[in-house]
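Here the structure is laid out as structure tokens; the discussion comes afterwards.
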Amino acid sequence: MNKQAEVVIIGGGVIGCSIAYFLTRHGCRDVLILERENFQGKHSTGRSAGGVRQQFATPVNIRMSRFSIDFFTHFEELTGQDPEYRRYGYLFIATEPAHVDYLQQNLRVQQAEGIPVEFLTREDIAKLVPQLYVEDVLGGTYCPTDGFVDPYSIMQGFNRKAREQGARIELETEVLDFTVEHGRITGVVTNRGHIATPVVVNAAGAWSHLVGRKLGVDIPIRPIKRQIVTTERFDELPRELPMLVDLSTGCYMRKEGDGVMLGWADPNEPESFDTTFNPDFIDAIIERALPRVPCLANASINLRRCWGGLYDISPDHHAIVGPVPQVEGFYVCTGFSGHGIMHSPAMGTAIAEMILFGESRTLDVKPLSIERFSTGELLHETAVI
């Protein structure tokens with residue numbers, strides 16, 4: 001291992017790789033990614049549902065999604081990797097008046113940001129997806145430019161191109177401590193030795209708060225398991241099925257290859273780093289999915305196509321992005337609360353520009369600074385799946 005680098009990035013998932021890509025794209029070649037596992041994307045990136053949407057409740061999240069979706073449109077041209085971006089849309093389904101009010105409130109914010117989202121009636125939804133049970137549906141919102149990508153392909157595209165542009169990555173390298181002089185980062189202590197560097201980016205996802213503690217920095221995120229169930233081949237739903245989000249249950253689903261991917265955020269899931277899939281989750285999610293999509297009763301589920309992964313959840317479900325005031329040269333990029341894949345291009349751009357130019361020039365991400373937790377200026381994203 002080289003014993004120095006201009007920038008060290010802790011975490012080799014999609015966020016770390018995106019940061020390395022944009023740094024090297026701007027000409028900063030001496031970039032080193034440290035990944036403690038023996039392969040990248042083990043806990044979050046490779047276990048993501050891959051959703052990409054602009055239907056958020058706050059302007060900052062909407063703008064990051066707009067930037068990222070445009071980037072995904074040109075991803076193969078820029079990185080050489082097919083992102084498998086499918087513009088099949090997102091459909092949020094409301095069955096209660098409060099859900100309708102909530103969607104319409106968000107709709108006004110989204111349309112003000114130029115998002116092509118529209119409110120659909122029950123009849124519109126039945127026409128869009130005839131397989132749905134809609135008797136209890138009051139309406140919904142649909143954006144045709146939302147969709148999904150392949151998470152691993154996004155990570156690999158950023159990773160490969162960053163390395164072509166000069167970045168390096170070291171696997172099985174765990175950060176043990178830091179060296180600091182006069183309040184400024186001077187290096188990283190790892191299980192493989194010391195690396196001198198003036199800049200460190202904490203992109204360690206669910207472990208980010210543990211990395212911060214080594215410097216006495218409180219990064220308020222929680223690691224929470226989220227589980228995914230995927231059926232065997234199932235042809236009763238169309239390949240171009242939108243990502244369906246049922247607000248009455250919190251269940252979501254989309255096509256994944258020739259099967260159907262289903263997810264649900266269990267509100268009783270405890271904080272932990274455990275990614276073991278619980279077979280009982282299958283019954284829990286089918287119980288929530290079948291009333292909306294009755295034909296799923298004919299689907300078969302194989303445990304080998306089910307998995308668990310980690311969300312890094314912040315108190316207001318917004319990312320925590322930017323320099324940490326207590327330690328000069330220490331940056332954080334974490335807390336995506338399940339939105340890391342879809343916002344990875346925006347975040348890579350923002351952090352790279354902060355490091356190289358002193359500010360994020362392309363996107364205004366000041367509302368996402370870690371200082372909002374001490375000033376009480378939280379953002380409260382409610383459109384969380």
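The values are calculated or read from the model by the stated rules, or taken from the named source; none is laboratory data. Just so you know, these numbers come straight off a predicted model, no measurement behind them. Neighbour counts run over all protein chains shown; Cβ positions are idealised from the backbone, glycine included.
Here is a list of conditions, (1) at pLDDT 95 or above; (2) exposed (fewer than 14 other Cβ atoms within 10 Å of the Cβ); (3) not assigned by TED's automatic domain parsing to the domain that holds LEU32, and HIS380 meets all of them except one; can you say which number that is?
Only one criterion is unmet by HIS380, namely (1).
Out of all the residues in the stretch 173-180, is one or more of a type outside the set (Asp, Glu) and in contact with an Asp or Glu (Cβ under 7 Å, 6 or more places away or on another chain)?
Scanning the stretch 173-180, I find at least one residue that is of a type outside the set (Asp, Glu) and in contact with an Asp or Glu (Cβ under 7 Å, 6 or more places away or on another chain), so the answer is yes.
Just to confirm my filter: which helices (runs of 4 or more DSSP H) fall fully inside the stretch 38-130 and include at least 3 residues that are of a type in the set (Asp, Glu) and touching a residue at least 24 places away in the same chain (Cβ under 8 Å)?
Helices (runs of 4 or more DSSP H) meeting the threshold: none at all.
For the stretch 213-245, enumerate the residues that are within 20 Å of the chain's Cα centre (by Cα) and not in a loop (DSSP other than H, G, I, E, B).
Result: ARG222, PRO223, ILE224, LYS225, ARG226, GLN227, ILE228, VAL229, THR230, MET243, LEU244, VAL245.
Pick from VAL293, VAL229, VAL245, VAL260: which is free of Cβ contacts under 8 Å to residues at least 40 places away in the same chain, of a type outside the set (Phe, Trp, Tyr) and surrounded by 21 or more Cβ atoms within 10 Å (Cβ to Cβ)?
From the options VAL293, VAL229, VAL245, VAL260, the qualifying one is VAL260.
Restricting to the stretch 354-363, name every residue that is assigned to a loop (DSSP other than H, G, I, E, B) and either of a type in the set (A, V, I, L, M, F, W, C) or farther than 14 Å from MET64 by Cβ (or both).
GLY358, GLU359, ARG361, LEU363, listed by residue number.
Please enumerate the residues belonging to the stretch 349-374 that are surrounded by 20 or more Cβ atoms within 10 Å (Cβ to Cβ) and either without any contact (Cβ under 8 Å) to a residue 12 or more places away in the chain or among the hydroxyl-bearing types (Ser, Thr, Tyr) (or both).
Within the stretch 349-374, THR349, SER360 meet the criteria.
Name every residue in the stretch 1-37 that is farther than 17 Å from GLY329 by Cα and polar (S, T, N, Q), in order of residue number.
Listed by number, the residues that qualify are ASN2, SER18, THR24.
Might you let me know whether the stretch 342-353 holds any residue that is of a type in the set (Val, Ile, Thr), modelled with pLDDT of 95 or more and either farther than 16 Å from VAL201 by Cβ or part of a loop (DSSP other than H, G, I, E, B) (or both)?
Within the stretch 342-353 (the criterion being of a type in the set (Val, Ile, Thr), modelled with pLDDT of 95 or more and either farther than 16 Å from VAL201 by Cβ or part of a loop (DSSP other than H, G, I, E, B) (or both)), the answer is no, since none of the residues qualifies.
Looking at the structure I just gave you, is PHE22 touching a Gly at 6+ places or on another chain (Cβ under 7 Å), among the aromatic types (Phe, Trp, Tyr), under 28 Å from ILE10 (Cα atoms) and assigned to a helix (DSSP H, G or I)?
So PHE22 fits the description; yes.
In the stretch 140-157, which residue that is touching a Phe, Trp or Tyr at 6+ places or on another chain (Cβ under 6 Å) and part of a strand (DSSP E or B) is surrounded by the most Cβ atoms within 10 Å (Cβ to Cβ)?
The residue in question is GLY140.
Sort through PRO291, PRO315 and tell me the only one that's under 24 Å from the mean Cα position of the chain (by Cα), within 24 Å of TYR252 (Cβ to Cβ) and assigned to a loop (DSSP other than H, G, I, E, B).
Step by step, each of PRO291, PRO315 is checked, and only PRO315 is under 24 Å from the mean Cα position of the chain (by Cα), within 24 Å of TYR252 (Cβ to Cβ) and assigned to a loop (DSSP other than H, G, I, E, B).
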